[in-house]
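The block underneath contains the structure these notes are about, expressed in structure tokens.
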Amino acid sequence: MLVRDRMTAPAITVDPKTPIYDALALMKDKRIRRFPVVKGRRLVGVVTWTDLMRASPSPATSLSVWEIPYLLMKAPISEVMTRTVITVPPSATIEDAAVLMRRHKIGGLPVVDQGVVAGVITESDIFDAFIDLMGLHRGGARLTIQLEDRVGALDEVVRTIRQCDINIHSLAAYPVNGIGQVVVRVDTPFPLHLVQTLSEHGIQVTHLAPLPEAPAREAGAA
């Protein structure tokens, strides 16, 4: 899954001269927490809700209630925006974007294609992608299987599930304290026969849980 599949496009952008007051109002209206800042078509910065709130006068300020909105209206976001921006191309993988956000402790990235802002991808987009990739709303059951550290071990797990005539929704393998684990989501809510068959093949299931069905759409919902 690529960034282009999950980003929000087109991105809502602002000009460096946009007043802080207006940027705050736009964020509240659109229910978003960051804007790419563009000058013409060129990305020159990014501004977040936190940046704007830090720029707002403290409640303890000596300014009057009439002076505060006036000063906010005058100050441009160029005074508070971050100028060194971490970006990602549309062709990057979702994993690439997640690693960048985690490494730099940020909640979103402008998506830049040939120097132009093509969209924005946020941590919420990453969470949604993870949920879809793992089939978390497709029902069925989730099995955690201990995987032996040898060639063909994963193939045996998949082959055994296929022998039980059960479809696999998703599969992920990863180490825990040096021990291989596989999380498999299968298309059956009661996989007891599968668990027994895996055990007979020497494959250990360490955890089993049902998965929720996707919520039904309300009548008339798009």
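The values are calculated or read from the model by the stated rules, or taken from the named source; none is laboratory data. Just so you know, these numbers come straight off a predicted model, no measurement behind them. Here the Cβ is made from the backbone with ideal geometry for all residues, glycine too, and neighbour counts use every protein chain on show.
Residue-by-condition table, conditions (1) under 23 Å from Pro19 (Cβ atoms); (2) at pLDDT 95 or above:
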residue	(1), (2)
Glu67	yes, no
Leu72	yes, no
Ala75	yes, no
Ser78	yes, no
Val88	no, yes
Ala92	no, yes
Met101	no, yes
Val116	no, no
Val120	yes, yes
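Return the total of residues in segment 14-47 being surrounded by fewer than 19 Cβ atoms within 10 Å (Cβ to Cβ), within 20 Å of the chain's Cα centre (by Cα) and touching a residue at least 12 places away in the same chain (Cβ under 8 Å).
Result for segment 14-47: 3.
Within segment 163-191, work out how many residues are in a strand (DSSP E or B) and either closer than 15 Å to Leu208 by Cα or within 26 Å of the chain's Cα centre (by Cα) (or both).
16
Checking Thr50 against (1) within 30 Å of Ile131 (Cα to Cα); (2) surrounded by 13 or more Cβ atoms within 10 Å (Cβ to Cβ); (3) modelled with pLDDT under 90, which test does it fail?
Thr50 satisfies all of (1) within 30 Å of Ile131 (Cα to Cα); (2) surrounded by 13 or more Cβ atoms within 10 Å (Cβ to Cβ); (3) modelled with pLDDT under 90 except (2).
In segment 70-119, what count of residues is obtained for those that are under 21 Å from Arg33 (Cβ atoms), hydroxyl-bearing (Ser, Thr, Tyr) and outside any strand (DSSP E or B)?
3
Looking at segment 164-174, which of its residues are more than 13 Å from Leu154 (Cα to Cα) and modelled with pLDDT under 90?
Within segment 164-174, His169, Ser170 qualify.
For segment 192-218: of the residues being in a strand (DSSP E or B) and out of contact with any helix residue (DSSP H, G or I) (no Cβ under 9 Å at 6 or more places or on another chain), which is modelled with the lowest pLDDT?
The selected residue is Glu213.
Conditions (1) at positive phi; (2) without any contact (Cβ under 8 Å) to a residue 60 or more places away in the chain; (3) in the same structural domain as Arg33 (by TED's automatic domain parsing), marked per residue:
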site	(1), (2), (3)
Gly115	yes, no, yes
Arg142	no, no, no
Val151	no, yes, no
Asn177	yes, yes, no
Asp187	no, yes, no
His193	no, yes, no
